[in-house]
Amino acid sequence: MAEENNGIQGQQQGSDADKNGITFTDEQQAHVDSLIADRLSRADKANESKLQKALADARAKWDEEQKEAADIANMSDKQRQKHEQEKTNEALNKAQAEADKLRAELNHTNMVNEASKMLADKGFTADEETLNFVVRDTAEDTTQAVTAFAKLVDEKVEAKRQEALHGQTPNNASASQGQGKSFGAQMAEKSNSRSLSGVADDFFGTKAK
């Protein structure tokens, strides 16, 4: 009876394998088993390394706490109060530093968003390079930087346009079309097709990195 059950189970397993469309030769199965064993071995080593580090860190922290406790036990009341005050101040300073960091990150994000909107309104693509040049710590400074940047680009575009028109006749159709467009429109057309790094260098006096 047991042999019949084993035969039935073998047939069912074979049938399931056929349904799933997965069949392995003995050599293939051995290779798969080897890959699995190797991966498990590497995972075990990685976990063991993490565990050892965690234990070492915990041990070092415990030793430090024990030493501190022993030092406190040998202190006078005045020394103990001073030590507790120093620990409190240290915790407050750490919390303040973390709060300042979070506040600065939030402010930077807000300035990036504002600068992006202002650049878009002036016809610029707010790419990372441009934002790095115009974003400042305050909204007022960021606005001034964007305005100055756009003005400078406008002047550069106009200067290039004058150079291109130099020597052409007034009846030139393309020149007439170019003259009919505002500086801002021409700037918007060119902002996505050329690099602004040179303009940024002139504006900020530094080479873009």
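Give me the accessible area of residue 83, 1.4 Å probe, in Å² rounded to the nearest 10.
We get 40 Å² for residue 83.
Probe 1.4 Å, all protein chains in place: accessible area of residue 24 in Å², nearest 10?
110
Pop out the Kirkwood hydrodynamic radius of the stretch 67-108 from its pairwise C-alpha distances, inverse of mean 1/r, in Å to one decimal. Could you put the intermediate results ahead of the total?
On the way: mean 1/r = 0.0825 Å⁻¹.
It works out to 12.1 Å.
Need one word for the stretch 41-134: rounded, prolate or oblate. Basis is the Cα gyration tensor (sqrt eigenvalues a ≥ b ≥ c); a/c below 1.5 gives rounded, then a/b vs b/c decides.
Numbers: a/c = 7.36, a/b = 1.71, b/c = 4.31.
The shape class here is oblate.
Give the Debye-formula value of log10 I(q)/I(0) at each listed q (0.13, 0.14, 0.16, 0.23 Å⁻¹), with one equal scatterer per alpha carbon of the stretch 97-163, two decimals each.
The Debye formula, applied to the Cα set alone, gives -0.41, -0.46, -0.56, -0.93.
Of the listed peptides 136-149, 65-78, 111-124, what is their order by residue-averaged count of other C-beta atoms within 10 Å, with the highest listed first?
Values: 136-149: 15.4, 65-78: 9.7, 111-124: 17.3.
With the highest mean Cβ count within 10 Å placed first, the list reads 111-124, 136-149, 65-78.
In the full protein assembly as shown, how much of residue 102 is accessible to a 1.4 Å probe, in Å² to the nearest 10?
Taking all protein chains as shown, residue 102 has close to 110 Å².
The values are calculated or read from the model by the stated rules, or taken from the named source; none is laboratory data. These figures come from a predicted structure and were not determined experimentally. Quick reminder, even Gly has a Cβ in these numbers, built from the backbone with ideal geometry, and neighbours come from all protein chains shown. We work out accessible area using only protein heavy atoms, side chains counted, and drop any ligands, DNA or RNA first. Shrake-Rupley method; radii C 1.70, N 1.55, O 1.52, S 1.80 Å.
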